[in-house]
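Here the structure is laid out as structure tokens; the discussion comes afterwards.
The values are calculated or read from the model by the stated rules, or taken from the named source; none is laboratory data. Remember, it's a predicted structure, so these values are computed and weren't measured experimentally. Glycine gets a Cβ as well: all are built from the backbone with ideal geometry, and neighbour counts include every protein chain shown. Note: areas computed on protein heavy atoms with side chains; ligands, DNA, RNA excluded. Shrake-Rupley method; radii C 1.70, N 1.55, O 1.52, S 1.80 Å.
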Amino acid sequence: MAMNNSNKSKIIYTALAWGISGMIFFPILWTLLTSFKTEAEAISANPSLFMFDWTLENYSDVLARSPYFNHFWNSVVISIGSSLLGLVIAIPAAWSMAFVQTKRTKHLLMWMLSTKMLPPVGVLIPIYLMFRDFSLLDTKLGLVIVMTLVNLPIMVWMLYTYFREIPHEILEASRMDGCSIAEEIFHVLLPLALPGIASTLLLNVILAWNEAFWTLILTAANAAPLTAFIASYSSPEGLFYAKLSAASVMAIVPILILGWFSQKQLVRGLSFGAVK
Amino acid sequence: MATMQSRNLARMMLFPSVVLLLAWMIVPLCMTLYFSFLDYNLLTPGSEEFIGFLNYEFFLTDPAFFASFFNTLLLVGGVLLITICGGIGLAILLDQAIWGRNYVRIMVLAPFFVMPTVSALVWKNMLMNPVNGLFAHFAIWIGVEPVDFFAQVPLLSIIIIVSWQWLPFAALILLTSIQSLDREQLEAADLDGAGPFSKFIYIVMPHLSRAITAVILIETIFLLSIFAEILVTTSGGPGYASTNLTYLIYTQSLLQFDVGGGSAGGIVAVIIANIVAIFLMRLIGKNLED
């Protein structure tokens, strides 16, 4: 009887969970399906979920009519470039905060977090004017710099929480054995912290890929990543749902897959270690 | 334990991060502050002059400021309310024994990885469009008048889209927190005859408080600067009905080229964000102590 009851509740909970998560996922599924429809079918008043003439025409249209690969490449360079550059700057900082703690360490961490709270509009005009004067507007280099700085506090925080979990004794032992600090970092700390560093990198690639304030404001045709490319679909001409869907699918699929792989690390990273 | 040498080295290794963040924050912020006292328009370069607090007077007495201030509060508050209530519900549901939990989790999490411009355009066109959108088809099918979302309820429409983006994040963080809950405590409560409701209030909620704090903090940081979703759906309209502070300052500075006025607005936005930040930093600071 008890077995029966728990089975019954399992069925109910399973149905409920699949129903709700299906609803949450639906807009993405719908976009994916629409990307394989013809434009006429895409706006049909009697939309069909699977029974339509599947076509790849929208994908070839988007690729033919717009420099999609340029934008894709821009996204890759900006997100990976800024994440790697960020790591190079953040690893030494996180190392000193985790292993050479002073009274100021906690304040410094809080201050770094607080820079994340500065609304970007507070620095919008100076950044825009500086970019204009240094000819950085609409360049990948400019966006790599901005994305590095925007995500630097998150990187330091994430690395700090990972480094903290590495036992002090291991580092001290290596120092006893006569390792220099550089050797200690490269040969002892980095291999131990590699999973943490990898997930920091991954999360920051995702964040930079999807960032849509600076990328929209500081780029035009040349350096525009996919966020800005998709935004150009906001003033459509004629029938465009299927093409919008195809372009959207191509913009989100790489990061969706990366994200699914890194979901566990995402929680730690984005909650600044407050939730593990 | 740290030697003098490693202490100096530690300082050196902190240096780049601290200097870069200072430069990124303080230098432009000082420039914004300086511009905010000038009559400075990009269309008439060279004619800048000092006008004291006039920009602030114009900005703060502009009806657009009040509209966008309240819109900002509604947007942040509305999204927080929906994502945290929905997130707690989802977290409890996903914590139950269910078949295919991994697939459910992947589906719930997906919207978080969709870039803002894509989610806004997909919702605007394919779901919320009053003629060709799926919601309109559905409304006609059940025999009611379709809602013209972005004309009739622009701010609510944006709240819905942004909530969809952030619900996965809240649910995932809260789920992780629930899973670390001590099961024995719940079993003990069961033995004492506690109902599901009192278990929720007295055991689950206190355990979740830290995670909820984290969710509020992180979401607020991002929600105060919502921009792309507004740009590609309503452009702030109709009128100022869906303009938030970020978007208002953007139009003033980069569409009307009013650097002085936009800068004054930027400083006001920074002050408002600071007021929020002080509360939030206290919360997370307390949490860091444990």
Quick check: is even one residue across region A:243-259 under 30 Å from A:Ala42 (Cβ atoms), at pLDDT below 75, more than 7 Å from chain B (Cβ to nearest Cβ) and more than 17 Å from the chain's Cα centre (by Cα)?
-> no
Starting from region B:246-266, take each residue that is at the interface with chain A (Cβ under 7 Å from one of its Cβ atoms) and list its partners that are open to solvent by less than 30 Å² (accessible area, probe 1.4 Å) and among the hydroxyl-bearing types (Ser, Thr, Tyr), counting only C-beta distances under 7 angstrom and pairs at least six apart or across chains.
-> B:Thr246/B:Ser225; B:Val259/B:Ser253; B:Gly262/B:Ser253; B:Ser263/B:Thr32; B:Ser263/B:Ser36; B:Gly266/B:Thr32
Residue within region A:131-147 that is open to solvent by 20 Å² or more (accessible area, probe 1.4 Å), out of contact with any Pro (no Cβ under 9 Å at 6 or more places or on another chain) and within 8 Å of chain B (Cβ to nearest Cβ) present = no
Unique residue being surrounded by 17 or more Cβ atoms within 10 Å (Cβ to Cβ) and of a type in the set (Val, Ile, Thr) when the list is A:Ile170, A:Ile154 | A:Ile154
Could you grab me the full set of residues in region B:182-212 that are under 17 Å from B:Ala91 (Cβ atoms) and among the aromatic types (Phe, Trp, Tyr)?
-> B:Phe197, B:Phe200
Name the residue, out of B:Leu167, B:Leu181, that is in a helix (DSSP H, G or I) and either more than 11 Å from chain A (Cβ to nearest Cβ) or modelled with pLDDT of 85 or more (or both).
-> B:Leu167
Count of residues meeting criterion [in a loop (DSSP other than H, G, I, E, B) and free of Cβ contacts under 8 Å to residues at least 24 places away in the same chain] in region B:49-66 | 3
In region B:200-209, which residue that is within 14 Å of chain A (Cβ to nearest Cβ) and closer than 18 Å to B:Leu81 by Cα is most open to solvent (accessible area, probe 1.4 Å)?
-> B:Ser209
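Taking the condition open to solvent by less than 30 Å² (accessible area, probe 1.4 Å), in contact with a strand residue (DSSP E or B) (Cβ under 6 Å, 6 or more places away or on another chain), of a type outside the set (D, E, K, R) and outside any loop (DSSP other than H, G, I, E, B), does B:Gly260 pass?
Spelling it out, B:Gly260 is indeed open to solvent by less than 30 Å² (accessible area, probe 1.4 Å), in contact with a strand residue (DSSP E or B) (Cβ under 6 Å, 6 or more places away or on another chain), of a type outside the set (D, E, K, R) and outside any loop (DSSP other than H, G, I, E, B).
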Does region B:210-220 hold any residues that are modelled with pLDDT of 85 or more and either open to solvent by 10 Å² or more (accessible area, probe 1.4 Å) or over 11 Å from B:Ile173 (Cβ atoms) (or both), and which are they?
-> B:Ile212, B:Ile216, B:Thr220
Condition met for B:Ser68 (hydroxyl-bearing (Ser, Thr, Tyr) and modelled with pLDDT under 80) = no
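Considering only region A:97-155, how many residues are hydroxyl-bearing (Ser, Thr, Tyr) and touching a Lys or Arg at 6+ places or on another chain (Cβ under 9 Å)?
Total meeting the criteria: 1.
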May I ask you to list pairs of residues, at least six apart or on different chains, whose Cβ atoms are under 9 Å apart, with the first in region A:130-141 being more than 15 Å from A:Thr215 (Cα to Cα) and the second being open to solvent by less than 50 Å² (accessible area, probe 1.4 Å) and among the polar types (S, T, N, Q)?
-> none
Any residue at all in region B:145-161 that is among the polar types (S, T, N, Q), modelled with pLDDT under 90 and out of contact with any helix residue (DSSP H, G or I) (no Cβ under 8 Å at 6 or more places or on another chain)?
-> yes
Tally the residues that are closer than 17 Å to A:Lys264 by Cα and either without any contact (Cβ under 8 Å) to a residue 24 or more places away in the chain or of a type in the set (Gly, Ala, Ser) (or both), restricting the search to region B:106-121.
-> 4
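Among the residues of region B:67-76, write down those that are open to solvent by 30 Å² or more (accessible area, probe 1.4 Å) and either touching a helix residue (DSSP H, G or I) at 6+ places or on another chain (Cβ under 9 Å) or not in a helix (DSSP H, G or I) (or both).
Keep residues of region B:67-76 that are open to solvent by 30 Å² or more (accessible area, probe 1.4 Å), which gives B:67, B:69-70, B:73-74.
Once the filter is applied, which keeps residues that are open to solvent by 30 Å² or more (accessible area, probe 1.4 Å) and either touching a helix residue (DSSP H, G or I) at 6+ places or on another chain (Cβ under 9 Å) or not in a helix (DSSP H, G or I) (or both), region B:67-76 yields B:Ala67, B:Phe69, B:Leu74.
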Can A:Leu33 be described as open to solvent by 40 Å² or more (accessible area, probe 1.4 Å) and at pLDDT 85 or above?
-> no
Within region B:225-236, residues open to solvent by 10 Å² or more (accessible area, probe 1.4 Å), part of a loop (DSSP other than H, G, I, E, B) and either aromatic (Phe, Trp, Tyr) or farther than 13 Å from B:Ile159 by Cα (or both) come out as B:Ser225, B:Ser235
A:Ser21 passes all but one of the listed conditions (1) within 8 Å of chain B (Cβ to nearest Cβ); (2) among the polar types (S, T, N, Q); (3) open to solvent by 70 Å² or more (accessible area, probe 1.4 Å); the exception is number (3)
Filter region B:25-51 for residues that are at pLDDT 85 or above, within 10 Å of chain A (Cβ to nearest Cβ) and open to solvent by less than 50 Å² (accessible area, probe 1.4 Å) and give the result.
-> B:Pro28, B:Leu29, B:Thr32, B:Phe35, B:Ser36
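Residues are listed down the side, and each one gets a yes or a no for (1) surrounded by 14 or more Cβ atoms within 10 Å (Cβ to Cβ); (2) in a helix (DSSP H, G or I):
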{"residue": "A:Ile11", "(1), (2)": "no, yes"}
{"residue": "A:Ala17", "(1), (2)": "yes, yes"}
{"residue": "A:Thr55", "(1), (2)": "yes, no"}
{"residue": "A:Tyr59", "(1), (2)": "yes, yes"}
{"residue": "A:Ser75", "(1), (2)": "yes, yes"}
{"residue": "A:Ile80", "(1), (2)": "yes, yes"}
{"residue": "A:Ser83", "(1), (2)": "yes, yes"}
{"residue": "A:Lys103", "(1), (2)": "no, no"}
For the subset of region B:78-97 comprising residues that are open to solvent by less than 20 Å² (accessible area, probe 1.4 Å) and facing another protein chain (nearest Cβ under 8 Å), which member is nearest to B:Ala214 (Cα to Cα)?
-> B:Leu90
Looking only at region B:124-140, decide whether some residue is of a type outside the set (Asp, Glu), assigned to a helix (DSSP H, G or I), in contact (Cβ under 8 Å) with a residue 60 or more places away in the chain and surrounded by 24 or more Cβ atoms within 10 Å (Cβ to Cβ).
-> no
Every listed condition ((1) within 7 Å of chain A (Cβ to nearest Cβ); (2) modelled with pLDDT under 85) holds for B:Phe197 save (1)
